[in-house]
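Below is one structure, written out as structure tokens; comments come after it.
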Amino acid sequence: MTSDHQHGQLAAVAAEPIETGHQHHAAAASGRELTRSAISATLHCLTGCAIGEVLGMALATWWGWANGPSIALAIALAFAFGYGLTISAVLRAGLSPRQAIGVALAADTVSILTMEVIDNAVILAVPGAMESGLADLLFWGSLAVSLAVAFVVTVPVNRALIARGRGHAVMHAFHHH
């Protein structure tokens, strides 16, 4: 449980404009520290995306859905789980649900979007991946490879965002205050 003062600090941080509220952290983070932060942010994103992507593709395949609806479900669930992980973390830090949603949107949207575009492009590029069944190695292998490629591509995106005080840099206020 947070005190009124702590809650006020958290609310003030959540209300700050992203570009000015975290420049001090972005300026301090450089080189290896910045890359480590980007890897950590991307692993966080990968967790939510992987849960949603795998669940969505598995359900859609099980239900016999066509490619378009399968991909749409996987993307929707990836965003839902990605945002859900962030929202639950900042709710535990004392933010209101509305503030938590705002932080999740600011922290995760570009990262999840990048990961999902790359992930689904790779799956679509693997011959037979979308037609494979749940018992096929191709199904699971293409998912694993697509998520790994998406991770590698998303790390520099998150690094650039964090360096500018955006993306997961928003989350640092709730880990250090």
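Values in this text are rule-based calculations from the coordinates and carry no lab data. Keep in mind the model is a prediction, meaning the values are calculated, not measured. Every residue, glycine among them, receives a Cβ derived from its backbone with ideal geometry; neighbour counts consider all protein chains shown.
Condition first: β-branched (Val, Ile, Thr) and within 15 Å of Ala41 (Cα to Cα). Now tell me which residues in the stretch 79-101 satisfy that.
Result: Thr86, Ile87, Val90.
For Gly94, state whether it is touching a residue at least 24 places away in the same chain (Cβ under 8 Å), assigned to a loop (DSSP other than H, G, I, E, B) and surrounded by fewer than 21 Cβ atoms within 10 Å (Cβ to Cβ).
Judged against the criteria, Gly94 is a match.
For the stretch 32-52: of the residues being of a type in the set (Gly, Ala, Ser) and in contact (Cβ under 8 Å) with a residue 40 or more places away in the chain, which is farthest from Val145 (Cα to Cα)?
It comes out as Ser37.
Of all the residues that make up the stretch 148-171, how many are in a helix (DSSP H, G or I) and surrounded by fewer than 22 Cβ atoms within 10 Å (Cβ to Cβ)?
Adding up the residues that qualify gives 11.
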